[in-house]
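Shown next, in structure tokens, is the structure this report addresses.
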Amino acid sequence: MSETEKSNFSIELFLRKTFKSILDKIAGFLINLGLKPNIITISGLIGNIIAAILIGSGQLFWGGVLAMLVGPFDALDGAMARLKNEPSKYGSFIDSVTDRYDELVLLAGLLVHFIMVDEWIGCVLVYFAAVGSVMVSYVRAKAEALGYSAKVGILTRVERYLILIPGIILGKPMISLAIIALLGNITAIQRFYFVRKQALKDSIQ
């Protein structure tokens with residue numbers, strides 16, 4: 001596997017390819033109901049907001065279950081756009097923005113929960129997990145805006161989701177947050193140095 005192939009590999013792409021046929025069937029059904037991709041995107045965000053409210057009120061299990069159920073919506077909107085042959089820059093923009101909100105509202109729910117139970121360590125972990133999440137996304141967005149690639153790292157958005165949700169459902173969110181806080185920020189640093197490597201190569205050429 002070449003360096004480029006390694007940099008483009010992610011669990012998200014693997015899952016999308018593995019469950020493509022199932023996603024296409026569900027997406028086709030939703031299209032037949034007259035629904036549009038952006039409606040699914042916004043519905044996922046609303047679902048995560050409700051999940052965050054549940055989490056903040058101390059109902060971690062049900063909040064985690066709801067977040068898990070609406071998680072696939074992020075893949076469904078893309079599948080619907082592809083089947084309708086209507087992919088658009090604006091749709092991609094909405095999808096990216098709501099992805100950030102989806103993750104941050106869940107972290108906000110956990111922050112409220114920790115404040116309510118007077119668990120300051122949990123609050124600190126939420127902060128560093130949020131920093132890692134934002135920086136991973138920002139480094140990639142800024143890099144791509146400058147013409148570089150930054151699709152590398154050990155903990156991208158889907159991986160963070162797969163770590164966070166089980167921790168919430170099992171009532172052990174601090175374990176998940178500690179992992180995300182550590183590996184998320186390491187991923188941001190990995191992307192920084194990956195871009196730096198490309199920049200140095202360009203300067204030599």
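The residue that is surrounded by the most Cβ atoms within 10 Å (Cβ to Cβ), among those in the stretch 169-181 that are over 16 Å from the mean Cα position of the chain (by Cα) and not in a loop (DSSP other than H, G, I, E, B), is P173. In the set (1) more than 23 Å from Q59 (Cβ to Cβ); (2) assigned to a helix (DSSP H, G or I), G153 fails one condition alone, (2). If we keep just the residues of the stretch 182-193 that are over 12 Å from F128 (Cβ atoms) and touching a helix residue (DSSP H, G or I) at 6+ places or on another chain (Cβ under 7 Å), which is surrounded by the most Cβ atoms within 10 Å (Cβ to Cβ)? Only one residue tops the list, namely R191. For the stretch 117-126, how many residues are in contact (Cβ under 8 Å) with a residue 24 or more places away in the chain and within 22 Å of Y101 (Cβ to Cβ)? Of the residues in that region, 3 qualify.
Residue by residue, here is whether (1) buried (at least 20 other Cβ atoms within 10 Å of the Cβ); (2) within 12 Å of T187 (Cβ to Cβ); (3) modelled with pLDDT of 95 or more holds:
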{"position": "H113", "(1), (2), (3)": "yes, no, yes"}
{"position": "C123", "(1), (2), (3)": "no, no, yes"}
{"position": "V126", "(1), (2), (3)": "yes, no, yes"}
{"position": "A130", "(1), (2), (3)": "yes, no, yes"}
{"position": "S133", "(1), (2), (3)": "yes, yes, no"}
{"position": "K142", "(1), (2), (3)": "no, no, no"}
{"position": "K151", "(1), (2), (3)": "no, yes, no"}
{"position": "R160", "(1), (2), (3)": "yes, yes, no"}
{"position": "P166", "(1), (2), (3)": "no, no, yes"}
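Residue under question is L66, and the condition is that it be of a type outside the set (V, I, T), without any contact (Cβ under 8 Å) to a residue 24 or more places away in the chain, closer than 21 Å to R157 by Cα and surrounded by 14 or more Cβ atoms within 10 Å (Cβ to Cβ); does it hold? In short, yes.
Taking each residue of the stretch 184-205 that is more than 21 Å from Y138 (Cβ to Cβ) and looking for partners that are basic (K, R) and assigned to a helix (DSSP H, G or I) with beta-carbon atoms closer than 9 Å, six or more apart or interchain, yields nothing.
The number of residues in the stretch 109-125 being in contact with a Pro (Cβ under 9 Å, 6 or more places away or on another chain) and closer than 19 Å to A51 by Cα comes to 4.
The values are calculated or read from the model by the stated rules, or taken from the named source; none is laboratory data. Since the structure is predicted, the reported quantities are computational estimates derived from the model, not experimental observations. Counting neighbours? That spans all protein chains shown, and the Cβs are built from the backbone with ideal geometry, glycine included.
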